[in-house]
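The values are calculated or read from the model by the stated rules, or taken from the named source; none is laboratory data. Please read these numbers as outputs of a predicted model, since none were measured by experiment. In this analysis, Cβ positions are derived from the backbone assuming ideal geometry, glycine residues included, and neighbour counts consider all displayed protein chains. Please note that ligands, DNA and RNA were not included when accessible areas were found on the heavy atoms of the full protein model with its side chains. Shrake-Rupley method; radii C 1.70, N 1.55, O 1.52, S 1.80 Å.
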Amino acid sequence: MVYADIIVGYPVEGSFSYRVPPEMGVVPGQRVRVNFAGRTVTGFVVATGENAPAGVPPDRIKEVTGLIDEEPIFDARFVNLARFVAESYLCSVGEVMALALPSGSSASSRFRNPFGPPALREVSLNEEQERVHRDIAAAVGDGGRLHLLFGVTGSGKTEVYIREALDAMAEGKSVIYLVPEISLSSQIYERLHHVFGEELVLYHSRITAQQRLFNWGRFYRGEARIAVGTRSAVFMQAPRLGLIVVDEEHDGSYKEHSTPRYNARRIAAYRSRVEDLTVIMGSATPSVESLHAAKGGVMRLHRLTGRHGGAELPEIHIVPMESARKPDLLSPLLKIESRKAMERGEQVIYLLNRRGFAPVVICDDCGEVITCPDCSISLNFHQGDHLICHYCGYRTRIPERCRACDSEALTKLGVGTQRVEEVVRKNFSAARIFRLDQDSSRKKKTVYDLIDRMKSGEVDILLGTQMVAKGFDFHRVTVVGILLADIGMSLPDFRATERVYALLTQVSGRCGRGEKKGRVIVQTLNPDNPLFGYLKNHDYEGFYEYEISMRRALQYPPFARIARLLVRGKSEERVKEASESLTEKLKDTVRGLKLPVQVLGPSPAPLERIAANYRYHVILKSGQVEALRRAITESRDAVSARDVYLEVDMDPYDML
């Protein structure tokens, strides 16, 4: 009789023993179907053997009910990686494996490449890129495996990544190329497709589960040796993995927001140590933590200071705006520059970091804002006279009267991409406008359509949310307008300013990438904010020094590690009680074990209610990550009631 040790994707520790039917050939690395707690679930086989578990009668051991994979799709390296992630982010190994492995039950190769057959192209580097390439090679030969490529927008970081990938593949190794957004993966895929051809696979959530399984299998077997994907691609396995590229490494999309709440950057760094591979992280606006690590010698720092092809950095103008209520939204300077650009046959990008038509509906008489009944945030107005909550999905029509004072004076305040599109069409009636945001990009071919139409000159104005800022390389764009640069700066989050600076720099970098110099018009309600001075002068180093001094004074990362424990439930009273019990247990644990951990809270989360769940959080800070983990593991059983839930987030990216 053969027995299998199987891990299931639930928050339970350890593996479970199952009998393998004689007719079923089960080996480690396969997924199977088993009965667990009365349900048929997917199990992950980590070991097999002929010895029954001690002390358990064979007839009481459940049988494997089905085989999903005909051959293994993971090995012991993957199991060890899952154990590291589980230990680091305080979850079960099964939860990691369930998230990291493809979920498809049968592989499908039905992926239509929208770019046609590859026109294989060579990659040429300029002198500065060649220097970085040589420095990375020398550092790797010297044992340096972690690298940060700090290059201005348009400096040709992608060309360096491609050259490093070609070198790794020439040695018979495989490459993972991470990008933060699915929209960006489409354009990167096209560029890499013309270099690597059939060696390239795509891995993200917009392709089907069956396609992901097919691509995972090709990469695992070494049939394809370069994979482009979003954060979960960091778990992909290959016979000999040699390089992981983390493009736009500053981006918050590399942080998972459900269990396990991992950060792909940290996973890549861990794999570089245990699998002896090279990791290159790159950005024009490196995260404060990464640049601090590089300056401290933890990573090798490489710089690209000039734009590829001799292009110049754009000229940035800071334009004060009197009010966000201004009906036109576009400053005179932005309208003039946009019109000139389009008359020359050039293209324009407008950034508004919001979705919706007009973000809120407010009562002019009493100031009441219409909010979601299940979340503590305002509802967004969309075309069609309906209001939407972008957290829980609640929808309703605009009321005729204010619920608080019964007034009919309801006003749509603020702007969203649909509202901006209306304003732009009124100002530029003949312009061909393309809107790219979360709403419009849900259509499968939206991004591919955008790339084709921008390159062929069929779009005059690209309007969108932060999606337009991420990595697009359109050489006809010479004007960028940032409509409300202040959005996001006042959020109760220590990373808020860093995120805004990175977004503004990244979208500014979308223009002037060709032969003509670009101009960026930054519209703001607060032009005296120091951030805009650094932005205007392209002075990220100055911004970094400004930001790092505040982080040092307040002991925020990178000078301490943070954990966020969020308690949620339907009853505010029960949630508050549970968060207070948790805090008391944490403080007792810290005192009793003499752990160097600071306990802050409990307090209502900034977004106090989402999807009818009240939310309170406790923040832990420490210079020692093991002390944080010990405090949490010894205390989290204080939240054990069935109607209250605890979420543990190590190194949270946001605190909302």
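Here are some notes:
- Residue within the stretch 273-286 that is in contact with a His (Cβ under 6 Å, 6 or more places away or on another chain), in a strand (DSSP E or B) and either at positive phi or of a type outside the set (A, V, I, L, M) (or both) present: yes
- Selection within the stretch 290-316 - in a helix (DSSP H, G or I) and at positive phi: Gly309, Gly310
- Restricting the search to strands (runs of 3 or more DSSP E) fully inside the stretch 1-113 and requiring at least 2 residues that are open to solvent by 60 Å² or more (accessible area, probe 1.4 Å) and not aliphatic (A, V, I, L, M) gives 39-49.
- Selected residue (criterion: nearest to the chain's Cα centre (by Cα)) from residues of the stretch 472-494 that are buried (at least 22 other Cβ atoms within 10 Å of the Cβ) and under 21 Å from Asp247 (Cβ atoms): Phe472
- Residues of the stretch 624-640 that are over 27 Å from the mean Cα position of the chain (by Cα), closer than 27 Å to Lys570 by Cβ and open to solvent by less than 40 Å² (accessible area, probe 1.4 Å): Ser635, Ala638, Val639.
- Only listed residue being assigned to a helix (DSSP H, G or I), surrounded by fewer than 19 Cβ atoms within 10 Å (Cβ to Cβ) and more than 14 Å from the chain's Cα centre (by Cα), chosen from Gly217, Gly197: Gly197
- Considering the stretch 609-623, the residues that are out of contact with any Cys (no Cβ under 7 Å at 6 or more places or on another chain) and more than 23 Å from Tyr556 (Cα to Cα) include one that is most open to solvent (accessible area, probe 1.4 Å), namely Tyr614.
- Residue match in the stretch 508-522 (condition: open to solvent by less than 20 Å² (accessible area, probe 1.4 Å), of a type outside the set (Lys, Arg) and within 23 Å of the chain's Cα centre (by Cα)): yes
- Residues located in the stretch 605-623, provided they are touching a residue at least 60 places away in the same chain (Cβ under 8 Å), in contact with a Leu (Cβ under 8 Å, 6 or more places away or on another chain) and closer than 24 Å to Gly569 by Cα: Pro606, Leu607
- Subset of the stretch 396-420 (residues that are modelled with pLDDT of 85 or more and under 35 Å from the mean Cα position of the chain (by Cα)): Thr396, Arg397, Ile398
- Subset of the stretch 269-309 (residues that are farther than 29 Å from Lys516 by Cα, touching a Phe, Trp or Tyr at 6+ places or on another chain (Cβ under 9 Å) and among the hydrophobic types (A, V, I, L, M, F, W, C)): Val274, Ile280, Val288, Leu291, Ala294, Leu301
- Residue, surrounded by the fewest Cβ atoms within 10 Å (Cβ to Cβ), within the stretch 152-192, restricted to residues that are in contact with a Leu (Cβ under 8 Å, 6 or more places away or on another chain) and among the polar types (S, T, N, Q): Ser183
- Of the set (1) polar (S, T, N, Q); (2) closer than 30 Å to Thr371 by Cα; (3) out of contact with any strand residue (DSSP E or B) (no Cβ under 7 Å at 6 or more places or on another chain), all apply to Thr633 but (2).
- Filter result (modelled with pLDDT of 85 or more and either in contact with a Pro (Cβ under 9 Å, 6 or more places away or on another chain) or surrounded by fewer than 16 Cβ atoms within 10 Å (Cβ to Cβ) (or both)) within the stretch 453-471: Arg453, Lys455, Ser456, Gly457, Glu458
- Test for Arg212: is it touching a helix residue (DSSP H, G or I) at 6+ places or on another chain (Cβ under 7 Å), under 28 Å from Tyr653 (Cβ atoms) and open to solvent by 20 Å² or more (accessible area, probe 1.4 Å): no
- Any hit, the stretch 577-596, residues being surrounded by fewer than 18 Cβ atoms within 10 Å (Cβ to Cβ) and among the hydroxyl-bearing types (Ser, Thr, Tyr): no
- Any hit, the stretch 247-265, residues being in a helix (DSSP H, G or I) and under 24 Å from Ala138 (Cβ atoms): yes
- Selection from the stretch 538-558 of residues that are in contact (Cβ under 8 Å) with a residue 40 or more places away in the chain and open to solvent by 50 Å² or more (accessible area, probe 1.4 Å): His538, Leu554, Gln555, Tyr556
- Residue check, Val64 within 17 Å of Ser103 (Cα to Cα) and β-branched (Val, Ile, Thr): no
- Condition check for Glu626 on (1) in contact (Cβ under 8 Å) with a residue 24 or more places away in the chain; (2) under 22 Å from Ser88 (Cβ atoms): one failure, at (1).
- Screening the stretch 457-524 for strands (runs of 3 or more DSSP E) wholly inside it with 3 or more residues that are in contact (Cβ under 8 Å) with a residue 12 or more places away in the chain and among the β-branched types (Val, Ile, Thr) returns the ranges 477-482, 519-524.
- Of everything listed in (1) at pLDDT 95 or above; (2) surrounded by fewer than 21 Cβ atoms within 10 Å (Cβ to Cβ), the single unmet condition for Ser376 is (1).
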